[in-house]
1. If you scan the stretch 424-453, which residues turn out to be assigned to a helix (DSSP H, G or I), under 23 Å from Leu53 (Cα atoms) and not β-branched (Val, Ile, Thr)?
2. Restricting attention to the stretch 102-122, does a residue exist that is closer than 25 Å to Glu402 by Cβ and among the aromatic types (Phe, Trp, Tyr)?
3. Note down all Cβ pairs under 6 Å where the first residue falls in the stretch 150-161 and is within 11 Å of the ligand (Cβ to nearest atom), the second is part of a helix (DSSP H, G or I), and they're at least six residues apart or on different chains.
4. Residue by residue through the stretch 342-367, note down the ones that are surrounded by fewer than 20 Cβ atoms within 10 Å (Cβ to Cβ) and within 14 Å of the ligand (Cβ to nearest atom).
5. In the stretch 170-185, how many residues are closer than 21 Å to Val117 by Cβ and either in contact with a strand residue (DSSP E or B) (Cβ under 7 Å, 6 or more places away or on another chain) or part of a strand (DSSP E or B) (or both)?
6. Between Gly56, Gly24, Gly52, which is touching a Phe, Trp or Tyr at 6+ places or on another chain (Cβ under 9 Å), in contact (Cβ under 8 Å) with a residue 24 or more places away in the chain and under 14 Å from Ala400 (Cα atoms)?
7. Scan the strands (runs of 3 or more DSSP E) fully inside the stretch 200-294 and keep the ones with 1 or more residues being surrounded by 24 or more Cβ atoms within 10 Å (Cβ to Cβ).
8. Given the condition on the phi > 0 side of the Ramachandran plot and buried (at least 16 other Cβ atoms within 10 Å of the Cβ), answer yes or no: does some residue in the stretch 139-153 qualify?
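Only the coordinates and a few stated rules stand behind these numbers; no lab work does. Treat the numbers as computed from the prediction; the structure is a model and nothing was measured. Heads up, the Cβs are rebuilt from the backbone with ideal geometry, glycines too, and the neighbour counts pull from every protein chain shown.
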Amino acid sequence: MVTKKKQILLNAFNMNCVGHINHGLWTHPRDQSDRYKTLGYWTSLAATLERGLFDGIFLADILGVYDVYQGSVDLTLRESIQLPVNDPLLLVPAMAAVTQHLGFGVTVNAGADAPYVFARRMSTLDHLTSGRIGWNIVTGYLDSAARGLGLDMQLEHDTRYDRADEYLEVLYKLWEGSWEDGAVLVDRERRIYADPAKVHAIDHEGKFYRARGYHLAEPSIQRTPVLYQAGTSGRGRQFAARHAECIFIAAADKSAARAAVLSLREAVVAAGRRPDDVKIFLGITVITDRSAAAAQEKYAEYLRYSNPEAGLAHFSASTGIDFSRYDLDEPIVYGTSNASQSATQTAQQRGWTRRQLLHELAIGGRYPVIVGDAATVADELAAWVAEGEVDGFNLTRTVAPEGFEDFIDIVVPALQDRGLYKTSYAEGSLRRKIFDENDRLPERHSGASYRYR
Ligand SMILES: Cc1cc2nc3c(=O)[nH]c(=O)nc-3n(C[C@H](O)[C@H](O)[C@H](O)COP(=O)(O)O)c2cc1C
C-alpha cells in the first residue's frame, strides 16, 4: 500500500490595506494593492486562490498605528505601513460568494468588542460561508490601539492573555452552550421555529467580563470558528495550547521552527489534547519565476521598490523599541517587551543591530524568503515541512496579485508532482477540511466542555 505523503496546508497571508509585510512594494508598477478598497480586487483574489487550491486566505489586522519609530506616525503614513487599514471581516461575504471551498482566517483583537457582539458576528459569517470561517485571536501589542479604545496604555502582556482566556470562555458559552443541537425546528405546521426548551441564557460573571443572555444567532455549521493564534511567548504558548487549532509562527531557520513546533505540541498535549490537534503554519515569502535566473532578476527588481526603513518602523511597533535611536552598528538593548515577545525573540537571540535589521527586513519581514524556480521552491518548502516539522505556510503578499499568481502557476504544479499538495478540495467545513474530522470542536478541546449537557 502506498502511504499518502503529508499534504502541505497553504494560506495566502494578506491584509485589508496597502502595505502589509513587504514594505514599499506598493510602489512597484505592477502592484495593485491600492485597489484594496474595491470589492473586485478581493473577489478576483479569492477566485485566484481557489484556482490554486489554497486552504485559506489569512487576513492580518491591527487596531492602532505604528508610531514607535521616531515617536511619530509620519513614516507610517507616507509609506502606508498597515495604515490606512480597513476592517477585514467585511471582506468575507464577498469572497465567499465567488468561492466554494476557500477558508477565511481573520484576525480580530480579543476584547475590542463585547464578546456578546463578536459572537454573533462570527456566527453570521459561519452561516454565510457555509462553515468556512476561522478567527485569528490576537491580544494586541500597541499602546496606540489601547488609546483609541479609551485606555491610557495597553494592559500588561500576560494580563492581556488572561483577559483573552476569559473572553474565549464567554464565547464558548454562547457558541457551544446557548443553543442545544435540535433547538431549531422550522416546523411550519406547529408554528415552532425554535424550541424554547432547548435555548438557554448564559450567565457569566468573571474578572473582566459580565454577560447574561442568549446567543443571538442560531447554531452555525462549525459553531466555534476554527481558532487560529499567533504569539509564542511563554504565556502565548499556554494560551495556544488551550484554544488554538492552527498556530501561525515566524522562524528564521528550520531548527528554530522545529523547536517552536515541538514545544507547542508538548504544551498542547499537557492541555489534554493530541499533538496533531494543532496545525502549525510558518510565515514565508516566495519569489519565483520560470527559471532560476528569472526568479533572481525578479527578486532584485522587487528589492529596488522595497523600503527597509519602513520594515524597521513596523518592527519597532512590534517590539516596542524605537530603533531610530540607535546608530547603525550600536548594540540594541532588547529587554523584555510589553509588545510582542515573539517578534523580539530572534532579533534578540542574534543580537541584530539596526544595520542587520535593515538587511533582514528589506523583503520578507520576519519570515524566511525563498527565491527560485519551481523545483527550488518546492524542494525548499518540502524541507521546511520535513526538518522544521511545520504543517503548512502563510504565504506573504509580495507584488499583488502577481506574487500569488506566480506561486499558483509555477510552484503548485511542482508540489503536486511531488505528492505534497492536494489536486482537489475535500468537501465540508474549514475545520473538516483541515483536520479531516468533524465540523465542530473535538470533545477534547476545552471549548467543548461548555456544551449544554
Ligand atoms: C506570526 C505572527 C503574526 C501576528 N499577527 C498579528 C496580527 O495580524 N494582528 C495583531 O494584532 N497581532 C498579531 N500578532 C501578535 C500576537 O497575536 C500577539 O498579540 C503578540 O505577539 C503578543 O504575544 P506574544 O508576546 O506571545 O508574541 C502576530 C504575532 C505573530 C508571532
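1. Leu430, Arg431, Arg432, Lys433, Phe435
2. Residues of the stretch 102-122 closer than 25 Å to Glu402 by Cβ: 102-107.
Among the residues that remain, those that are also among the aromatic types (Phe, Trp, Tyr) are: 104.
Yes, that holds for at least one residue.
3. Pairs found: Gln154/Asp143; Gln154/Ala146; Asp158/Arg235; Tyr161/Arg235; Tyr161/Phe239.
4. Here is the first cut: in the stretch 342-367, the residues surrounded by fewer than 20 Cβ atoms within 10 Å (Cβ to Cβ) are 346, 348-351, 353-356, 358-359.
Thr346, Gln348, listed by residue number.
5. Selection size over the stretch 170-185: 6.
6. Details: Gly56 fails: under 14 Å from Ala400 (Cα atoms); Gly52 fails: under 14 Å from Ala400 (Cα atoms).
That would be Gly24, the only listed residue that is touching a Phe, Trp or Tyr at 6+ places or on another chain (Cβ under 9 Å), in contact (Cβ under 8 Å) with a residue 24 or more places away in the chain and under 14 Å from Ala400 (Cα atoms).
7. Numbers: elements: 202-205, 210-213, 226-229, 246-249, 279-288.
Result: 226-229, 246-249, 279-288.
8. Of the residues in the stretch 139-153, the ones on the phi > 0 side of the Ramachandran plot are 140, 150.
Still in the running and buried (at least 16 other Cβ atoms within 10 Å of the Cβ): 140.
The answer is yes, given that some residue of the stretch 139-153 is on the phi > 0 side of the Ramachandran plot and buried (at least 16 other Cβ atoms within 10 Å of the Cβ).
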